[in-house]
Amino acid sequence: MLPMLATKAPQVPVGEAWTHEVKWDGVRALTDVTAQRVRMSSRNDNAITIAWPELHVAPLGERDLLVDGEIIALNDRGLPDFRVLQDRMHVRSAATAARQAAARPAIYMVFDLLRLDGRDLTGLPLDERRAELAGLGLDGSW
């Protein structure tokens, strides 16, 4: 599965049927969690798990889920800054990733739950998926 990407519009739509998101200026990532493994992938479906060791999953037991979010890092002013992430995006060494994570930890801003315990949630309205996501009580960097 690939994430839905934001699209530009000539003006911001108004009304209760619309939801607006913050532009985090980070790296889009899907995270597939099963009892056996965690796999993070980029918006192009490239494996990126090794580059972000600090983005650990809260203990979920036997839960199975797929979440969508944005990996961000804050600059010295406390603002999301894509340039801070650039050195880490293509890291393939666990040791290098661990050093970089210790120096400048990232945050995973999860905003959607696409699968839960084998059930595809993509047909549900966003507010229902977000309620399910909130009910998981995820802690840590995400």
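Readers should treat all values here as calculations from the given coordinates under stated rules, not as data from a laboratory. None of the values given here were measured: they were computed from a predicted structure. No Cβ is skipped: glycine too gets one built from the backbone with ideal geometry, and neighbour counts run over all protein chains shown.
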Fill in: Dipole of segment 27-135 [Lys/Arg +1, Asp/Glu -1 at C-beta], most positive-end residue of PHE82, THR31, THR122
PHE82
Item to complete: Assign one of three labels to segment 1-53, namely rounded, prolate or oblate, based on the Cα gyration tensor with a ≥ b ≥ c the square roots of its eigenvalues; rounded applies when a/c is under 1.5, prolate when it is not and a/b is larger than b/c, and oblate otherwise.
Response: prolate
Practice prompt. Please name whichever of VAL110, LEU133, THR49 sits farthest to the positive end of the charge dipole of the chain, dipole taken about the Cα centre and charges placed at Cβ: Lys and Arg +1, Asp and Glu -1.
Written response: THR49
Response to the item:
Loop-resident GluC sites (Glu not before Pro) in segment 26-121 with no more than 11 other Cβ atoms inside 10 Å, DSSP not H/G/I/E/B, are GLU62
Discussion item. Given R₀ = 22 Å, what would the calculated FRET efficiency be for ALA131 paired with ASN75, taking r from the Cβ atoms and rounding to 0.05?
Written reply: 0.10
Response to the item:
Footprinting proxy, ASP117, ASP64, ASP112: sorted fewest to most Cβ within 10 Å, the residues are ASP117, ASP64, ASP112
Practice prompt. Could you size up the charge dipole of segment 1-131 around its Cα centre, putting +1 on the beta carbon of Lys and Arg and -1 on that of Asp and Glu, and report it in debye to the nearest 20?
Written response: 480 debye
Discussion item. Can you tell me how the chain classifies by the Cα gyration tensor, rounded, prolate or oblate, using a/c under 1.5 as the rounded cut?
Written reply: oblate
Practice prompt. Please list the non-local residues whose amide H lies under 5 Å from the amide H of LEU124, H modeled 1.01 Å from N, same-chain partners needing a gap of 5 or more.
Written response: none
Discussion item. With a cut-off of 8 Å between alpha carbons and a minimum separation of six or more residues, what is the relative contact order of segment 27-135 in percent?
Written reply: 28 percent
Worksheet item: Which of SER41, SER93 comes first, and how do the rest follow, when ranked by fewest Cβ neighbours within 10 Å?
Response: SER93, SER41
Response to the item:
Note: VAL38 to ALA94 extended length (0.36 nm per residue) minus current alpha-carbon separation gives 18.7 nm
Fill in: Residue-averaged [θ]222 nm for the chain, counting only DSSP H segments that reach four residues, each worth -39500 (n - 2.57)
-4500 deg cm²/dmol
